[in-house]
Amino acid sequence: MSLLFEKAKLGNLELKNHVVMAPMTRSRSIGNVPGEIVATYYEQRSEAGLIITEGTSPSPNGLGYARIPGIFSKEQTEAWKVVTDKVHKKDSKIFVQLMHTGRIGHEFNLPKSAKVLAPSAIMAKGKMWTDSNGMVDHPTPKEMSKDEIQSTIQEFVLASKNAITAGFDGIELHAANGYLLEQFLHPSSNQRTDEYGGSIENRIRFILEVAKAVSDAIGKEKTGIRLSPYGAFNDLFPFEETHDEYSLLAQKLNELGIVYIHLVDHSSMGAPTVEPKTVSAIRNNFKQTLILSGGYDSERAEADLKSGNANLVAFGKPFLANPDLVTKFQKKIPLAKFDEATLYTPGEKGYIDYPLVS
């Protein structure tokens, strides 16, 4: 028997297999509300034991990209309920990924009253897409005041409570890929001189406060986190203290007792490889579930599950054009390739029109 297809445990949840669908931004939520095609998209991919949704903002300030969903309003919460109902009817579990984009945003993508916030007023290099003005430079963000830090923590709490109301089995804090939570970790984006900046202990403080507040509100067994040490997205790169910082962060997250760390390695997309010693330190310091992702095929996933390197394995890109990925893995059917031109475009094309084997 292949371990990949056997039942798995995640906290107090039983998963029908060890396959996780990784979170992937798809920009299909018009008005930042997930509509009918979003529900269909996740329903189609419910062969996964666990689905982690695309990045979903806990705040108007976190809606940095065009057409990404939120979960801070009643309308958004009710729309997500349609998604979770469809997924649960297929016997899959689903966590919502809470992604506050921080400085990776633009006023053209935000509601009128919202602000581009970050640990420090340091602009990220590069450009981003806006539906109204095309490609534009990242703006210089507003440095968060202590009041804004506290109010943002409460936004994560409210969004997490909304997620449970919407029927999600839990939430994943997106502390990877260069967004707000990770922006606090990096000395290049966090140059604060208060208790949230400077030392490693100070730079990890915001993440730990968010994780504690959320897990206190909805339960530690419903709270996970995604990390990307040695990533190279959104103008954040490895730094001298990367190993020490993530080792301590894993230890502190273990003390909080949250249900999983989702560790992503972006080396298959050109980023530096995650140092094996750092993966080992995280694995040794964190005693709950470890999900690994990044360039996996079924054979490599099977090997890491059997060796104990991973408890669950997440697949991202393979799920784009292969909604029934688990069936294809089991029957050794060649995988279809996704259409790169329609990754972030609105509408059904390149989203819910990939054929099923059946």
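The values are calculated or read from the model by the stated rules, or taken from the named source; none is laboratory data. Predicted, not measured: the structure shown is a model, and the values here were computed from it. So basically every Cβ, Gly included, is an ideal-geometry build from the backbone, and we count neighbours across all protein chains shown. The accessibility values were calculated without ligands, DNA or RNA, using every heavy atom of the protein model including side chains. Shrake-Rupley method; radii C 1.70, N 1.55, O 1.52, S 1.80 Å.
Checking every one of the GluC sites (Glu not before Pro) in region 1-93 against DSSP loop status and a limit of 14 other Cβ atoms within 10 Å picks out 6. Taking amide H atoms as placed 1.01 Å from N in the peptide plane, the amide H of residue 262 lies under 5 Å from those of 225, 226, 227, 291, each 5 or more residues away in sequence or on another chain.
For the chain, relative contact order (Cα pairs under 8 Å, six or more residues apart, normalised by length) works out to 17 percent. Summing +1 for each Lys or Arg and -1 for each Asp or Glu among the other residues whose beta-carbon sits under 13 angstrom from that of residue 167 gives +3.
If you take the Cα centroid of region 48-123 and the Cα centroid of region 199-214, the two points sit 21 Å apart.
Computed per residue of the chain from DSSP H runs no shorter than four, each worth -39500 (n - 2.57), the mean residue ellipticity at 222 nm is -9500 deg cm²/dmol. The residue list 32, 44, 21 was ranked by how far each Cα lies along the charge dipole of region 21-86 toward its positive end, using unit charges on Cβ atoms, and 32 comes out on top. Protein heavy-atom accessible surface, 1.4 Å probe, per residue over region 214-358: 45 Å². In this structure the amide hydrogen of residue 56, modeled in the peptide plane, comes within under 5 Å of the amide hydrogens of 97, 98, 99, none closer than 5 places in sequence on its chain. Taking amide hydrogens as placed 1.01 Å from N in the peptide plane, the amide H of residue 115 sits under 5 Å from those of 61, each at least 5 positions away in sequence or on another chain. Our coupling estimate for region 322-334, obtained by passing each phi through the Karplus curve with A = 6.51, B = -1.76, C = 1.60 and θ = phi - 60°, is 10, x, 9, 4, 5, 4, 5, 4, 5, 9, 6, 8, x Hz, Gly and Pro reported as x. Residues in region 289-294 carry Karplus couplings, in order, of 6, 10, 9, 10, 8, x Hz; the curve used is 6.51 cos²θ - 1.76 cosθ + 1.60 with θ = phi - 60°, and Gly or Pro positions show x. With r as the distance between the Cβ atoms of residue 201 and residue 339 and R0 = 41 Å, compute the FRET efficiency 1/(1 + (r/R0)^6) and round to 0.05. It comes to 0.35.
The chymotrypsin sites (Phe, Trp or Tyr not before Pro) found in region 75-118 that occupy coil by DSSP, while having at most 16 further C-beta atoms within 10 Å, are 108. Considering only beta bridges that DSSP places wholly inside the chain, some 15 percent are antiparallel. Residue by residue, region 231-237 carries 3J(HN,Hα) couplings of x, 9, 9, 6, 6, 10, 10 Hz when phi is fed to the Karplus relation 6.51 cos²θ - 1.76 cosθ + 1.60 (θ = phi - 60°); x denotes Gly or Pro. For region 174-304, the square roots a ≥ b ≥ c of the C-alpha gyration tensor eigenvalues yield an a/c of 1.5 or more together with a/b not exceeding b/c, which makes the shape oblate.
Taking every alpha-carbon pair under 8 Å whose residues sit at least 6 apart, region 1-61 reaches a relative contact order of 35 percent.
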